Amino acid sequence: MAVNVFNTSVTTDNLSRHELLSWVNDCLQAQFGKIDELCTGAAYCQFMDMLFPGSIPMKRVKFLTNLEHEFIQNYKYAQIAFTKLQVEKMIPIDKLSKGRFQDNFEFLQWFKKFFDANYDGTPYDAFAERGGIPLGQGLLKNQPLQGSRGSITRQHSHKSHTQASPVRKPAHRIPSSRGYRASSASHAEGAVTAAAIAKIEDLTQQVVEMKLNIDGLERERDFYFAKLRDIEMIIQEPNSSEIGQAVLDVLYATEEGFAVQEDDREFPQTDPQIGEDY
């Protein structure tokens, strides 16, 4: 179970945006340039995997994405982990996924305190754990350059190979096509399974949120009912004034078309034989 932390007047020693970004980049071996970039939720998923190994399905986390619905799915993985670990804070998914600075900055300040309260110092290779996938806009900008170099190298190698033995050029393309078809079928099956699992987790999270809402409404109902009952007991005392009677009238008033039946009222009994005579 996780250690819960809260933002109160006592916990006001917050870091600046630059200090927080430096901390995130150092821990996750990432290159975030702005607080807004954390809106993908991927960083929080990896932080949770660092704090509580196995709490996040890391293979399903979308580290390279600019789609809001994938941001939301990443946050849902983190929220499911929060619920299992009994973390009382609810992630404001709708706000964070919009990429606004203030919302993401405030949540990151809270998460830094949560991290400090729960991290046990175990070494963690963030880059390896996410399969060598880059994280942060800085790395994304460099990614096309790396791909271009790789393409140039492959083209150069391919030209050299063609000059040496031009007859083998068609043979190089055929296995590649077969491998592509087999890989496509494999990815399609994996996508169906991942979608089904994601749907189950999404529904599970909705059930958890609905239960929390119901519990809160029931507590609020009982709270106000107890207050009304105390008022009723005070007003029913022998020395109550006309104001007290007016308050009682308000308490006992009902909506139009609604009547409260009393248990001690007597209703006339109908003889079943009367209906038969007619």
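General remarks:
- Förster radius 51 Å - calculated FRET efficiency between Glu218 and Asn66, Cβ distance, rounded to 0.05: 0.80
- A simple packing score, the average count of other Cβ atoms within 10 Å per residue, orders the peptides 41-47, 219-225 as 41-47, 219-225, with the highest score first.
- For region 1-128: rounded, prolate or oblate by the Cα gyration tensor [a/c cutoff 1.5]: rounded
- Unsatisfied cross-links (Cα-Cα over 29 Å) in the set Lys113/Lys227; Lys95/Lys211; Lys59/Lys84; Lys62/Lys112: Lys113/Lys227
- Each peptide in 25-32, 126-133, 206-213 was scored by the mean count of other Cβ atoms within 10 Å over its residues; highest first, the order is 25-32, 126-133, 206-213.
- Approximating the spin labels as points 7 Å out from Cα along Cα→Cβ, the Trp23-to-Ile243 distance works out to 5.3 nm.
- With the highest mean first, a sort of the peptides 33-40, 245-252 on other beta-carbon atoms found within 10 angstrom per residue produces 33-40, 245-252.
- Pairwise Cα distances in region 77-127 exceed 13 Å for 68 percent of all pairs.
Quick note: the coordinates plus some simple rules give every number you see, no bench work behind them. Bear in mind that the values here come from a model prediction, so they are computed numbers and not experimental data. Using ideal geometry, Cβ is built from the backbone for each residue, glycine included, and neighbour counts are taken over all protein chains shown.
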